[in-house]
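Participant: Submitted below is the structure of interest, expressed as C-alpha cells.
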Amino acid sequence: MDIINLVRPNIRELKAYSSARDEFSGQAEVMLDANENPFNSPLNRYPDPLQKEIKQMVAGLKGTDPSRIFLGNGSDEAIDLLFRIFCEPGRANMVSIVPSYGMYRVAADINDIEVREVTLGPGFELEKKRLLEACDNETRLIFLCSPNNPTANLLDRNTILEVVRESHCIVVLDEAYIDFSSAKSLIDELDHYPNLVILQTFSKAWGLAGIRLGMAFASPQIIGLMNKVKYPYNISVLTKEAVLKALQHSGRVTGWVKTILDERNRLTAALAENRLVVRIWPSEANFILVRFNEPDRVFTYLRDHSIIVRDRSKIILCDGALRITVGTPEENNRLLGALVRLEKEMNPL
Ligand SMILES: *Cc1c(COP(=O)(O)O)cnc(C)c1O
C-alpha cells in the first residue's frame, strides 16, 4: 500500500514551519536566534521541536526506533492530526468500533468527517467482516482500541492484523491500557505494516495524565507527516522534565500496575458477592465494567456519598453498566462499603 495516496493533497504539498530551534538545535554559549528572553532560565528557552531526548528513552523502553515515535499533547493530539493529514473534510469517512472511546467521533466531527460505527459482537469481539464491509473508497481511518474502553477486553491480535492487512487505509490501534493487560503491544509488528498506527499514553499506567503526553508509533513516513503538521513546540519544557524524571524511575510504574491489578481482582471478587450486581465483565485494563439492576440508583447513591463512577448504562451493548476505575485500596474499600450499605437498604432482610 502506498501511504502517500491516502494523504490530503494540501498536506502532501505542505512545507512545514521551520523554527529557530529546527535550524540550530545544539548547545551554544550565546543563543540570540529565537527572540527569547535571556532571563528566567531554563523556562525562557523554546523546547526541542522533535523531543529527541524523550524519544531516545521511549525507544529504548519500547524496543523501537526514535524515527517511529511521535509525541503529542495527549493521545488527543495524535488522533486529531491523523484526521487532518488523511481525511478531506466533507468527503472522507472513518470507521470505528462501538462501544469505544468517545474522542474518535469528536475528532471526526470537528474535522467534518463522516463516522461509520461498527458494533462489536455480543462478547465485545471484533467482527472483521462487518468492519471491512463498512469501508469504501473514501475510508481513510479505522479506529480500534485494545484493551477497549469501556468494555475492558482485548481484541483478538490476529483479527486486528487481518484488518490491517485487508483494509486499504490507516488502521489506528489505541493501546492506552496495554500496560494493564496480559497481551503484548503490536509495536513489534510495525515493520510489517506501513498503514498501522499504535497509540499509547503516559496518562494511565504512568500516572501522568496531568502533563498531557501521548505517543504514536508508526512508519517513519507517517511520523514524518505528523511532525510536519503538528504545532512546532507541542511538548513543553515542563512536560519534558516531568517525563524524563518518570522514565528514570520506571520501577515505580511496575509497582503501581501490580497494586492496581491486585486491587482489580479483589474488587471483582467483592462485587460478585453484592446482590445489586448483575454481571461483571473480565477486565484487561485498570477499570471494571459492571452491570447493575438499577444503575441510576447506584450511580446517584455513590455520587451522594462523594464517589464518582462513569455511567455507561445507556451505551450500546452496555445496558445497565457503570464503569469503575480501580483506585487505591482505601478508595476501593469506600466504594465497596457504600455498595454494601445500599444493598442492605434495597434488600432489607
Ligand atoms: C484515557 C484514554 C486515552 C488517553 O488519552 P490522553 O489524551 O493521552 O490522556 C486514550 N485512549 C483511550 C481509549 C483512553 O481511554
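Participant: Pick from ALA218, ALA270, ALA28: which residue has the top mean-square fluctuation in a GNM of the chain where Cα pairs under 10 Å get a spring?
Facilitator: Top of the fluctuation ranking is ALA28.
Participant: Same structure, new question: Would you mind counting up the charge near GLU345? Only other residues with Cβ under 14 Å from its Cβ, with Lys and Arg at +1 and Asp and Glu at -1. Write out the running numbers ahead of the final one.
Facilitator: Numbers: positive: ARG275, ARG297, ARG341, LYS344; negative: GLU294, ASP304, GLU343.
Local charge sum for GLU345: +1.
Participant: Same structure, new question: Among VAL278, VAL115, VAL290, whose mean-square fluctuation peaks in a Gaussian network model of the chain (Cα, cutoff 10 Å)?
Facilitator: Of VAL278, VAL115, VAL290, the Gaussian network model singles out VAL278 as fluctuating most.
Participant: Another question, then. Would you work out the relative contact order for region 170-232, in percent, from Cα pairs under 8 angstrom that are 6 or more residues apart? All intermediate terms of the calculation are to be shown ahead of the outcome.
Facilitator: Values: 77 pairs, mean separation 19.6, N = 63.
So the answer I get is 31 percent.
Participant: Work from the charge dipole of the chain (Cβ charges, +1 for Lys and Arg, -1 for Asp and Glu, about the Cα centre) and give the residue of VAL115, ALA209, TRP256 farthest towards its positive end.
Facilitator: The one lying farthest along the dipole's positive direction is TRP256.
Participant: Translational diffusion coefficient, Stokes-Einstein: compute it for region 290-349 using the Kirkwood radius over C-alpha pairs as Rh, at 4 °C and 1.567 mPa s, and state it as an integer in µm² s⁻¹.
Facilitator: 108
Participant: Can you list the HN-Hα couplings for region 236-250, worked out from phi with the Karplus curve (6.51, -1.76, 1.60; θ = phi - 60°), rounded to whole Hz and with x for Gly and Pro?
Facilitator: So the J values, rounded to whole Hz, are 7, 4, 5, 4, 4, 4, 5, 6, 5, 4, 5, 5, 6, 10, 5.
Participant: While we're looking at this one, here's another question. Can you give the extra length, in nm with one decimal, that the chain gains between MET103 and ARG130 once fully stretched, where that is 0.36 nm per residue apart less the Cα-Cα distance?
Facilitator: On the way: separation 27, 0.36 × 27 = 9.72 nm, distance 2.20 nm.
Roughly 7.5 nm would be gained on extension.
Participant: List residues of region 1-36, by number, whose backbone nitrogen lies under 14 Å from a label position 7 Å along Cα→C-beta of ASN44.
Facilitator: Within reach of a label on ASN44, which here means backbone N under 14 Å from a point 7 Å along Cα→Cβ, region 1-36 contributes 29-36.
Participant: I'd like the Karplus ³J(HN,Hα) series for region 173-187: coefficients 6.51, -1.76, 1.60, θ = phi - 60°, whole numbers in Hz, and an x wherever there's a Gly or Pro.
Facilitator: Those phi angles translate into 10, 8, 10, 4, 10, 4, 5, 9, 9, 8, 9, 8, 4, 8, 3 Hz.
Participant: Top mean-square fluctuation among GLN56, GLN27, GLN221, Gaussian network model of the chain, C-alpha springs under 10 Å?
Facilitator: Fluctuation is largest for GLN27.
Participant: OK, next. Note down the Stokes-Einstein diffusion coefficient of region 39-182 in µm²/s, whole number, using a Kirkwood radius over alpha carbon pairs, 20 °C, and 1.002 mPa s. Spell out each step's value before the answer.
Facilitator: On the way: Rh = 16.7 Å.
This corresponds to a translational diffusion coefficient of 128 µm²/s.
Participant: Under the Kirkwood approximation for Rh and a Cα-based Rg, what ratio Rg/Rh is obtained for region 192-305? Could the numbers behind the result be given before it?
Facilitator: Values: Rg = 19.6 Å, Rh = 17.8 Å.
Rg divided by Rh gives 1.10.
Participant: Report the antiparallel proportion of the DSSP beta bridges in the chain as a percent, rounded to a multiple of 5.
Facilitator: Values: 18 of 37 bridges.
Percentage antiparallel, nearest 5: 50.
Participant: Next question, about the same structure. Nearest 10 degrees, 0 to 90: what angle lies between the long axis of helix 74-86 and the longest principal axis of the chain (Cα atoms)?
Facilitator: Helix 74-86 and the main axis of the chain meet at about 60 degrees.
Participant: How much length is gained on full extension from GLU343 to VAL237, taking 0.36 nm per residue of separation minus their Cα-Cα distance? Walk me through the intermediate numbers first.
Facilitator: On the way: separation 106, 0.36 × 106 = 38.16 nm, distance 4.95 nm.
Length gained, GLU343 through VAL237: 33.2 nm.
Participant: Right, here's the next one. With angles folded into 0 to 90 degrees, how steeply does helix 52-62 sit against the dominant principal axis of the chain? Use alpha carbons for both and round to 10.
Facilitator: Rounded to the nearest ten degrees, it is 50.
Participant: From the convex hull of the Cα coordinates of the chain, what is the mean projected area in square nanometres? Don't skip to the end; give the middle numbers.
Facilitator: Numbers: hull surface 78.6 nm².
The orientation-averaged projected area of the Cα hull of the chain comes to 19.7 nm².
Participant: Of the accessible area of the chain, with the probe set at 1.4 angstrom, what percent is carbon plus sulfur? Show your work: numbers first, answer last.
Facilitator: Working: 8560 of 16870 Å².
Its accessible area is 51 percent carbon and sulfur atoms.
Participant: Further, regarding this structure: Could you work out the Rg to Rh ratio of region 116-257, with Rh taken as the Kirkwood radius (inverse of the mean 1/r over all Cα pairs)?
Facilitator: Numbers: Rg = 16.4 Å, Rh = 16.6 Å.
When Rh is taken as the Kirkwood radius, the ratio is 0.99.
Participant: To the nearest whole percent, what portion of all C-alpha pairs in region 98-197 is separated by more than 20 angstrom? Spell out each step's value before the answer.
Facilitator: Details: 1714 of 4950 pairs.
For region 98-197, the fraction of Cα-Cα distances above 20 Å is 35 percent.
Participant: Each residue of region 311-321 in order: what ³J(HN,Hα) in whole Hz does its phi give by Karplus 6.51 cos²θ - 1.76 cosθ + 1.60, θ = phi - 60°, with x for Gly and Pro?
Facilitator: Going residue by residue, I get 7, 10, 5, 9, 8, 3, 6, 10, 2, x, 9 Hz, with x marking Gly and Pro.
The values are calculated or read from the model by the stated rules, or taken from the named source; none is laboratory data. Source: prediction; values computed, not measured. Quick reminder, even Gly has a Cβ in these numbers, built from the backbone with ideal geometry, and neighbours come from all protein chains shown. In case anyone asks, the SASA skips ligands and DNA or RNA and just uses the protein heavy atoms, side chains included. Shrake-Rupley method; radii C 1.70, N 1.55, O 1.52, S 1.80 Å.
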